[in-house]
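*Asks:* Please find one structure pasted underneath; my questions will follow.
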Amino acid sequence: MKRSLTLRLSLMLALVVVAVMALSGIVLYHSLARQIEQRDDGALVTRLDQVRTLLGNEDAVQMIQQKPGLFANMLGNTESLLVLRFPHHPPLIEVNPGKRTIPHITPVAANKPLTLAAVSHQYAADGTPFIAAAALASTQDGIGDIEIITGRLMTERTATLASYRQQIVGLAALATLVVMLAVWLLVRYSLRTLHDVAHTTAAIDVRQLAYRFQPDNLPQELQPLVVAINQMLMRLENGFQRLSQVSADMAHDLRTPVHTLLGQTEVALSQNRSVADYQALLGSNYEELERMSRMIDNMLFLAKAEDPRQAINIQSLDLAALGQVLADYFEGIAEERQMTLQVNLQGSVNADADLLRRALANLLSNALRYGTEGTEVRVFNDLHAICVENLGPTLALSAQERLFDRFWRADDSRQLSTHGSGLGLSIVASIMQLHQGRCEVKSEQGVTCFTLVLPE
């Protein structure tokens, strides 16, 4: 099961917040740790410098013997360490409440100033940081310079940094939860419009195909979606209207021959007829049945042509040979109409031979049927465009727009034609659609030209 868009956005933004908070926390933590370290190192160096100054201004040995508590009071807590001794001699005084091992550190010479570089960073046995520093102090008595060793266990610093880490983790977790909740609420609120569009779309049925969304009233991000939905609804509406019109036209065109067959048969059966009358009736009925059969075949062809899985056999065709076949077939029909047929096709095209021949045959049949008697019908090509041209009545622009609709005829009376079913040009358009091409018509000043444009 896929996660919802709201959940995915919430998780992604939560991860971003965690990453930002973690990075910020790490930077701030290390910055704080560095500042505390510098503060503690400075305090240790200051203490060391104070002890060295005190020893240099007094009789050091005498003061150590008379006032040992003074040095213990200078440390201030039990985590500090102070050792005063002559180098390589036992300590004169050792303040070491924690009983820690005295670190081995090279002392800073008495004549050199103390800096933070004198501090040595170590770790106790339990892993707690321990800092220490050593220096020599000139004395007015004794056998030479006194070595001062001081140090401190950083328990307080460790606890402070641990508390700071816990605060960072807690704050990051809280911020993550708050962001996830806020993003979840905001995304759900933002997607409310999308849900409304989905609910409205789901409620559209065949009675509401004319409904269109108004993109200007929606967020910019949803406008491409609703524009696509509007285009889909327009295609569905047009397809449903064409289907309804085709159903009505097909019912009308089938009703007439069926009524004719019923009427003729009823009249023939009303009384005894001669053999010649029955033969004439059967001949008439055969013509009507043959026309109905052609109509059904054409409808089946159109249904197959609209199937996107329909495969066609594309091959290179010699247009001159195809033109000769068409000229031989339609020469007799042209003579009956007292018309001349001029076929001048050259070159080659990539197409399905049977389908292209059928498309051109339909156009030639149409041109010879509606062209003016005694005129010429021309078939020629310009590269991948094949034209069928005839002289006759000029077609109105409104008629040109509907020529390729099924069952449509220029005769508004919609009377049954004995010459065709009104599907010939629809078949031509479907054949060109199968070839990824197009069919065009142009009619002006008594010249009508149909053009089949094939892809290169």
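*Asks:* If you scan region 123-176, which residues turn out to be among the β-branched types (Val, Ile, Thr), at pLDDT 85 or above and open to solvent by less than 30 Å² (accessible area, probe 1.4 Å)?
*Replies:* Thr128, Ile131, Ile146, Ile148, Ile149, Thr150
*Asks:* Return a yes/no flag: does region 432-450 have any residue that is part of a helix (DSSP H, G or I), crowded, with 19+ Cβ neighbours inside 10 Å and modelled with pLDDT of 85 or more. Don't jump to the end; show me each part of the working.
*Replies:* Step one: of region 432-450, the residues part of a helix (DSSP H, G or I) are 432-434.
This time we only want the ones that are crowded, with 19+ Cβ neighbours inside 10 Å, so: 432, 434.
Then drop every residue that is not modelled with pLDDT of 85 or more, which leaves 432.
Yes, region 432-450 contains at least one residue that is part of a helix (DSSP H, G or I), crowded, with 19+ Cβ neighbours inside 10 Å and modelled with pLDDT of 85 or more.
*Asks:* Oh, and also: Exactly one condition in (1) assigned to a helix (DSSP H, G or I); (2) more than 25 Å from Ile168 (Cα to Cα); (3) open to solvent by less than 40 Å² (accessible area, probe 1.4 Å); (4) modelled with pLDDT of 85 or more is not met by Leu55; state its number.
*Replies:* Unmet condition: (4).
Residue-by-condition table, conditions (1) open to solvent by 50 Å² or more (accessible area, probe 1.4 Å); (2) modelled with pLDDT under 85; (3) part of a loop (DSSP other than H, G, I, E, B):
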site	(1), (2), (3)
Val388	no, no, no
Ala399	no, yes, no
Asp405	yes, yes, yes
Ser426	no, yes, no
Glu456	yes, yes, yes
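Condition check ((1) more than 21 Å from the chain's Cα centre (by Cα); (2) among the hydrophobic types (A, V, I, L, M, F, W, C); (3) not in a helix (DSSP H, G or I)) across all residues:
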| position | (1), (2), (3) |
| --- | --- |
| Gln231 | no, no, no |
| Asn238 | yes, no, no |
| Ser247 | yes, no, no |
| Leu262 | yes, yes, no |
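*Asks:* Just checking, does region 13-27 include any residue being under 30 Å from Ala109 (Cβ atoms), hydrophobic (A, V, I, L, M, F, W, C) and in contact (Cβ under 8 Å) with a residue 24 or more places away in the chain?
*Replies:* The first filter runs over region 13-27 and keeps only residues under 30 Å from Ala109 (Cβ atoms), leaving none.
No.
*Asks:* Got a sec? Which strands (runs of 3 or more DSSP E) wholly within region 96-198 have at least 2 residues that are of a type in the set (A, V, I, L, M, F, W, C)?
*Replies:* Of the strands (runs of 3 or more DSSP E) lying wholly inside region 96-198, those with at least 2 residues that are of a type in the set (A, V, I, L, M, F, W, C) span 129-137, 146-153.
*Asks:* Let me ask something else about it. In the set Gln241, Gln231, which member is modelled with pLDDT of 85 or more, within 30 Å of Leu425 (Cα to Cα) and open to solvent by 60 Å² or more (accessible area, probe 1.4 Å)? Walk me through it before giving the result.
*Replies:* Working: Gln241 fails: modelled with pLDDT of 85 or more.
Criteria check complete, one pass: Gln231.
*Asks:* So which pairs qualify, if the first residue must be in region 173-191 and among the hydroxyl-bearing types (Ser, Thr, Tyr), the second must be surrounded by 14 or more Cβ atoms within 10 Å (Cβ to Cβ), the Cβ gap must be under 8 Å, and the two must be at least 6 apart or on different chains?
*Replies:* Thr176/Ala14; Thr176/Val17; Thr176/Val18; Thr176/Met21
*Asks:* If the Cβ limit is 7 Å and pairs must be 6+ apart or interchain, which residue in region 97-119 that is within 14 Å of Ile131 (Cβ to Cβ) pairs with which residue that is open to solvent by less than 70 Å² (accessible area, probe 1.4 Å) and among the hydroxyl-bearing types (Ser, Thr, Tyr)?
*Replies:* If the second residue must be open to solvent by less than 70 Å² (accessible area, probe 1.4 Å) and among the hydroxyl-bearing types (Ser, Thr, Tyr), the pairs left are Pro103/Ser120; Ile105/Ser120.
*Asks:* Out of the residues in region 332-349 that are under 54 Å from the mean Cα position of the chain (by Cα) and surrounded by 14 or more Cβ atoms within 10 Å (Cβ to Cβ), state the one that is nearest to His384 (Cα to Cα).
*Replies:* Val349
*Asks:* Looking only at region 351-386, filter to residues that are acidic (Asp, Glu) and outside any helix (DSSP H, G or I); which one of those is surrounded by the most Cβ atoms within 10 Å (Cβ to Cβ)?
*Replies:* Out of the qualifying residues, it is Asp352.
The values are calculated or read from the model by the stated rules, or taken from the named source; none is laboratory data. Worth saying up front: this structure is predicted, and the values here are computed from it rather than measured. Every residue, glycine as well, gets a Cβ built from its backbone with ideal geometry; the counts of neighbours run over all protein chains shown. Areas reflect the complete protein model, heavy atoms only, side chains present, ligands, DNA and RNA absent. Shrake-Rupley method; radii C 1.70, N 1.55, O 1.52, S 1.80 Å.
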